[in-house]
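Everything below concerns the one structure shown next.
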Amino acid sequence: MEILAKYSDKGTIRRHNEDVVECLSHPKDNNIKLLVLCDGMGGKAKGEVAASICVEAITKWFNNKDTKTLNNNFITINLVKSLIKRINRKIIK
């Protein structure tokens, strides 16, 4: 049995939750999973937009990445770190 759940708290600054959470399964191998949580930027304007952009970019990257690469944790961790840095630079611009 497989159970995936997602939850995020709105925090103390906003009345609504600006975080975006996704539980992803790779389209070519359902056993490869990625859980993504993008924080809404701690009360800054348009945090929900930034979080959505980030999750969309990570989802697209994950769905298009080959399964052989994703099965190597060391490589995947480094690729995800690099991807997040690129997304962050794009959001800040």
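Of the whole protein surface, residue 84 contributes about 80 Å² of accessible area at a 1.4 Å probe radius.
Per residue, the accessible area of the range 49-93 comes to 71 Å², computed with a 1.4 Å probe over protein heavy atoms only. Hydrodynamic analysis of the range 20-75 uses the Kirkwood radius over alpha carbon pairs. Inserted into Stokes-Einstein at 10 °C and 1.306 mPa s, it gives a translational diffusion coefficient of 130 µm²/s. Of 62, 74, the order by accessible heavy-atom surface (1.4 Å probe, DNA, RNA and ligands excluded), from most exposed downward, is 74, 62.
The values are calculated or read from the model by the stated rules, or taken from the named source; none is laboratory data. Because the structure is a prediction, the values reported are computed rather than measured. Accessible surface areas use protein heavy atoms only, side chains included; no ligands, DNA or RNA. Shrake-Rupley method; radii C 1.70, N 1.55, O 1.52, S 1.80 Å.
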